[in-house]
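Below is one structure, written out as structure tokens, with a few remarks after it.
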Amino acid sequence: MKGFAMLRIGEVGWIEKEKPVAGPYDAIVRPLAVAPCTSDIHTVFEGAIGERHNMILGHEAVGEVVEVGSEVKDFKPGDRVVVPAITPDWRSIEVQEGYHQHSEGMLAGWKFSNVKDGVFGEYFHVNDADMNLALLPDEISLEKAAMIPDMMTTGFHGAELADIKIGSTVAVIGIGPVGLMGVAGAELCGAGRIIAVGSRPNCVEVAKSYGATDIVNYRNGDIVTQIIDLTNGKGVDSTIIAGGNPDVMESAVRMTKPGGTIANINYFGEGKILPIPRSDWGCGMAHKNIRGGLCPGGRLRMERLINIVKYNRVDPGKLVTHVYHGFENMEKALLLMKDKPKDLIKPVVILD
Ligand code: NDP
Ligand code: ZN
């Protein structure tokens, strides 16, 4: 079969591979819609997680089951499914500790386009199908559904990690597709005021539609000064980081109140150290909590996100600005995520 792959750091291209084989608990899925991610860009062009040779890229897919193993109970060939970006080993000890993202090792619940071939192939392999797949209801379009496996779960996780109280003030740094879902997640969690940081006009419009009450443009000067001014010198209760370089960590600590929470969902692709400003972190004693996490995966998470879309609580379709048809557009779609043209939020490739 064909797949669009990371050949080595800095280089992508088409390769031929054997069609994957399902173990007793696994499924083989044919993608119906896939989306490239900024994370693929960090992995390929920044070498953020180290060298990978001839690894098929992609971790955001909805698809059709074509084969299941002998022990799979709830799925059969022909089922249309949402496939989470994170497909943990559910029998691991880390799951009992409450961190399925790190089953069998740090970040190891993230398998597609990290430790095994991803979803940009004619077929892909899903471990533990009963625990990792979710049925896609007919009424949800493929474009919208393709935002569930990663964009929704990651942005919402930012809100979950940010410990948002009803009525509290939240800053969301970065309003690409992930940060926009952070805004929508903060709204769902009951934030009173949501200050969104970005610059592209289409992202700003979508941020407002998801619940942003204030917009800060980082190109107009220091975001900490702007946010401290907006909050009468107090700062925010929670900050979600969903964009920017490592320096945003320093800004986030400075703009967050004592007792507040900084929730990072960025994938920092470069640099050795993330800066924490000593005095703004109360010389270590400010009770400013710093958290960061890989998005949740698995079947239950996907089913809950499907509910959010099915019952019109959030429309992730607003993220999709570019729709392509056919595998041959994979490279074009991926490079859009690298070049980030002004009108882009997120591309989807439909495989008719
Ligand atoms: P985008 O590049 O589309 O968006 C980044 C956002 O950050 C934009 O709004 C951009 O503004 C803004 N930004 C850029 N520089 C600065 C700055 N110096 N200060 C403040 N804001 C800035 O990225 P995505 O939304 O696709 O992804 C965001 C991050 O999430 C990536 O690192 C990605 O790899 C990561 N990720 C993490 C996952 C996880 O599980 N934790 C899963 C999926 C993705 P503008 O465009 O206006 O210039
Ligand atoms: Zn992704």
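The values are calculated or read from the model by the stated rules, or taken from the named source; none is laboratory data. Keep in mind it's a predicted model, so treat the numbers as computed, not measured. Heads up, the Cβs are rebuilt from the backbone with ideal geometry, glycines too, and the neighbour counts pull from every protein chain shown. Heads up: the accessible areas ignore ligands, DNA and RNA and are worked out on the full protein's heavy atoms, side chains in. Shrake-Rupley method; radii C 1.70, N 1.55, O 1.52, S 1.80 Å.
List of remarks:
- Prolate/oblate/rounded label for region 159-233 (Cα gyration tensor, a/c 1.5): oblate
- Over region 29-104, the Kirkwood radius and the radius of gyration, each from Cα atoms, give a ratio Rg/Rh of 1.03.
- Of the solvent-accessible surface of region 132-216, computed with a 1.4 Å probe over protein heavy atoms with every protein chain present, carbon and sulfur atoms account for 54 percent.
- Scanning residues 5 or more positions from VAL172 or on other chains, those with amide H under 5 Å from its amide H are ILE195, ALA196, VAL197, ILE240, with H placed 1.01 Å from N in the peptide plane.
- Annotation for region 89-149 versus region 210-282: alpha-carbon center distance of 30 Å.
- Screening the chain for whole DSSP H helices of 27 Å or more along their axis (Cα) with average Kyte-Doolittle hydropathy at least -1.0 returns none.
- When the trypsin sites (Lys or Arg not before Pro) in region 301-352 are filtered for DSSP coil states and for at most 13 other beta-carbon atoms within 10 Å of their beta-carbon, the remaining sites are ARG313, LYS342.
- Neighbour-limited loop hits for chymotrypsin sites (Phe, Trp or Tyr not before Pro), region 289-352 (at most 10 other Cβ within 10 Å; DSSP other than H, G, I, E, B): TYR311
- Charged neighbours of LYS76, selected by a Cβ distance under 15 Å, balance to -4 (K, R count +1; D, E count -1).
- Rounded, prolate or oblate (a/c below 1.5 giving rounded, otherwise prolate when a/b exceeds b/c) for region 103-179 by Cα gyration tensor: prolate
- Sparsely packed loop sites in region 1-76 (the GluC sites (Glu not before Pro) outside DSSP H, G, I, E and B with at most 13 other Cβ atoms within 10 Å) comprise GLU18, GLU51, GLU71.
- Solvent-accessible area per residue, Å², over region 198-284 with all protein chains present [probe radius 1.4 Å]: 48 Å²
- Taken as Cα centroids, region 336-352 and region 33-55 sit 15 Å apart, rounded to the nearest whole angstrom.
- Here region 230-352 exposes an accessible surface that is 48 percent carbon and sulfur, computed with a 1.4 Å probe and the other protein chains kept in place.
- Normalised contact order of the chain, rounded percent, pairs of Cα under 8 Å and 6 or more residues apart: 19 percent
- Taking the three principal axes of the alpha carbon atoms in the chain, the coordinate ranges are 60, 41, 40 Å, sorted in descending order.
- Sequence of ASP89, ASP138 when ordered by accessible area, the most exposed leading, probe 1.4 angstrom: ASP138, ASP89
- Above-threshold pairs, the threshold being 22 Å between Cα atoms, out of LYS310/LYS340; LYS288/LYS340; LYS144/LYS346; LYS165/LYS288; LYS17/LYS144; LYS19/LYS116: LYS310/LYS340; LYS288/LYS340; LYS17/LYS144
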